[in-house]
Amino acid sequence: MRCDICEHDLAKWDLPPSRWTREVWICTWCFAVVRVGGDGAIVRQAYSEWDLRWEAAWTDMLPDARRHAYGYFRRTLCGIERPDLAGSPFGMWGGGRDECPDCTAAARAIDDRWPEDRRDDLGRILVPATGPAPVHPSERDPLPGELGHPDVQLPEVRRSPPARVVAAAHGVIGDGPEAVRLPACWAGYGIGPYRPYDGRDRTFAWFQAYALDSVPPLDEASFVGDYAWFGEIGEPLDYRTAVTDPIAAELARDGLELPADFLALITRSGLHRCLDRVGGGAWTDVSGPVPSPLDPADRLVAFFRDQQSCIVWYLYLHHNGQSAVVSSDRDLTSAPGDYYGPDGELVVPKPPELFWNAPSTELFAYRFFVEGSLIDAIGERRRPDEVDPEHLAYLAHYLPVVSGGAGGQRGAGVNSGEPEAGWGAPPF
């Protein structure tokens with residue numbers, strides 16, 4: 001396939017197909033983008049000015065990644081290549097301060113390759129659609145037997161109840177008078193009709209702070225750092241340990257260390273970015289360490305955030321060696337800019353708030369992964385027999401009992417209180 005703008009060859013971008021797009025091709029000279037839609041149409045994008053055209057580069061392998069323009073194929077426009085380099089999910093690039101001068105020069109050179117008489121083109125259909133656009137399951141109402149339907153029946157899972165983590169209003173990290181005590185919550189998405197995002201509690205963009213006594217209780221003792229619930233976690237990736245090794249070295253100078261379950265989530269080939277792929281809208285971004293705003297002897301390592309950084313999750317490392325996962329609506333890894341009031345006065349920002357979310361990285365990852373997988377299953381209108389039974393047991397927490405007895409089933413609805421005895425699956 002050749003570019004209709006400059007007649008140079010197009011190269012296929014190695015993006016996975018989506019509900020809207022089968023393939024994406026990039027011109028090797030003028031970087032025009034050509035998309036093959038789900039309906040078979042082949043469409044070339046319209047012209048954009050050089051400083052409005054590019055996404056910011058993103059990778060946590062480069063401290064200054066966002067200074068660069070993402071040039072597709074895991075490369076910046078200035079030629080830096082990294083295995084996990086991608087376009088930023090939260091911002092564009094171009095015309096800002098401190099941006100890479102080589103990327104700017106490349107962007108301007110590419111812009112000059114676009115003919116002047118083609119710049120008013122609003123985009124061009126190269127091949128018309130050959131069929132109707134695909135309808136995603138989430139665009140129709142659920143059918144009987146599909147997750148999300150009011151009458152769907154979940155299979156019953158019975159087991160003897162284990163010891164459970166006590167849900168508390170506050171989480172404590174450390175011991176004695178130097179312990180850090182934080183308000184506790186689970187910051188998660190709504191799970192379809194089962195746990196609606198209703199804004200009744202504090203929200204962080206698409207995340208809501210759910211009280212810990214309202215989410216399925218987990219048995220902390222069953223999380224030993226091996227991620228057995230996930231399956232094969234793979235070997236450490238060299239380009240991921242290149243991110244964690246400098247952080248570990250800096251922490252070692254303060255007598256601290258990264259827990260093994262944190263290192264596994266960030267560096268193991270099977271686990272790496274597993275949370276990015278479920279639910280949508282949040283992604284792994286490792287940076288730090290930075291001093292805690294609560295105790296300068298403690299450290300925070302950011303490792304996960306939503307698209308707009310409206311909520312950022314951190315590994316909190318207490319100076320006595322204990323750790324936990326916390327979150328904040330403040331990105332503590334970057335210095336806050338100046339804020340001005342309506343009359344031009346300088347406004348002093350409020351102190352950052354931290355919320356205790358989980359006692360370990362693995363437990364945080366389990367809950368986020370299960371909830372994200374359920375959100376995907378509901379959106380894709382899967383049937384219960386197509387979903388991991390352990391995930392269904394988690395979902396059953398939110399379904400009220402509709403008939404008694406050993407064969408009692410649950411119908412869709414909000415949680416009516418403590419789950420019926422006998423429902424659940426490990427590690428509940």
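Read the figures in this text as sums done on the coordinates, not as results from a lab. For clarity, every value in this text was computed on a predicted model and none was experimentally measured. Don't worry about glycine lacking a Cβ; one is built from the backbone with ideal geometry, like all the others, and counts go over all protein chains shown.
Hey, if you drop one equal point scatterer on each alpha-carbon of the chain and run the Debye formula without solvent, what base-10 log of I(q)/I(0) do you get at q = 0.06, 0.13, 0.14 Å⁻¹?
The Cα Debye sum returns log10 ratios of -0.31, -1.26, -1.36.
What ranking, highest mean first, results for peptides 360-366, 98-104, 214-220 when packing means the other Cβ atoms within 10 Å averaged over each residue?
Details: 360-366: 23.7, 98-104: 16.6, 214-220: 18.9.
Going from most to least packed, we get 360-366, 214-220, 98-104.
On alpha carbon coordinates alone, what is the Rg over Rh value for segment 170-370, Rh being the Kirkwood radius? Numbers along the way, then the final one.
Numbers: Rg = 17.1 Å, Rh = 17.8 Å.
For segment 170-370, the value is 0.96.
Using alpha carbon centroids, what distance separates segment 270-303 and segment 46-66, in Å?
Using only Cα atoms to place each centre, the spacing works out to 22 Å.
Would you pull out the residues with amide H under 5 Å of Ala11's amide H, same chain only if 5 or more places away, H placed 1.01 Å from N?
Here the answer is Ile26, Cys27, Thr28, since their amide H atoms fall under 5 Å of that of Ala11.
Where does segment 62-162 land on the Kirkwood hydrodynamic radius, alpha-carbon pairs, in angstrom?
Working: mean 1/r = 0.0518 Å⁻¹.
Result for segment 62-162, one decimal place: 19.3 Å.
Could you give the size of the charge dipole of segment 170-370 about its Cα centre, using +1 on the Cβ of each K and R and -1 on the Cβ of each D and E, expressed in debye and rounded to the nearest 20?
Value, rounded to 20: 420 debye.
What 222 nm value per residue comes from the helices of the chain, counting each DSSP H run with n ≥ 4 as -39,500 (n - 2.57) and dividing by all residues, nearest 500 deg cm²/dmol? Mind dumping the intermediate values first?
Values: 6 runs with 67 residues, N = 428.
-5000 deg cm²/dmol, from helical runs alone.
Based on Cβ point charges of +1 for Lys and Arg and -1 for Asp and Glu, what charge dipole magnitude is obtained for segment 10-127 about its Cα centre, in debye rounded to the nearest 20? Provide the component values of the computation, followed by the final result.
Numbers: 17 positive and 19 negative charges, 72 e Å.
Using only the charged Cβ atoms, the result is roughly 340 debye.
Given the peptides 27-35, 381-389, arrange them by the average over their residues of other C-beta atoms within 10 Å, most packed first.
Details: 27-35: 20.0, 381-389: 15.0.
In decreasing order of mean packing, 27-35, 381-389 become 27-35, 381-389.
Rounded to the nearest 20 Debye, what is the dipole magnitude of the chain about its Cα centre when Lys and Arg each give +1 and Asp and Glu each give -1 at the C-beta? Numbers along the way, then the final one.
Details: 40 positive and 64 negative charges, 146 e Å.
I would put it at about 700 debye.
Is the shape of segment 10-127 rounded, prolate or oblate, going by the alpha carbon gyration tensor and its root eigenvalues a ≥ b ≥ c, with a/c under 1.5 for rounded and a/b larger than b/c for prolate?
Values: a/c = 2.14, a/b = 1.30, b/c = 1.66.
Taking the square roots of the gyration eigenvalues as a ≥ b ≥ c, segment 10-127 is oblate.
Can you list the residues, at least 5 places off or on another chain, whose amide H is less than 5 Å from the amide H of Arg22, using H built in the peptide plane?
Val36, Gly37, Gly38
If we count other beta carbons within 10 Å of each Cβ, what is the order of Thr76, Thr130, Thr21, fewest first? Don't jump to the answer; show the numbers that get you there.
Details: Thr76 26, Thr130 10, Thr21 14.
The order, fewest Cβ neighbours first, is Thr130, Thr21, Thr76.
For each of Arg82, Arg273, Arg195, count neighbouring Cβ atoms within 10 Å of the residue's Cβ, then give the residues from fewest to most. Walk me through the numbers on the way to the answer.
Values: Arg82 18, Arg273 12, Arg195 23.
The most exposed by this proxy come first: Arg273, Arg82, Arg195.
In terms of modelled amide H atoms, which long-range or inter-chain residues lie less than 5 Å from the amide H of Ala187?
Long-range HN contacts for Ala187: Tyr210.
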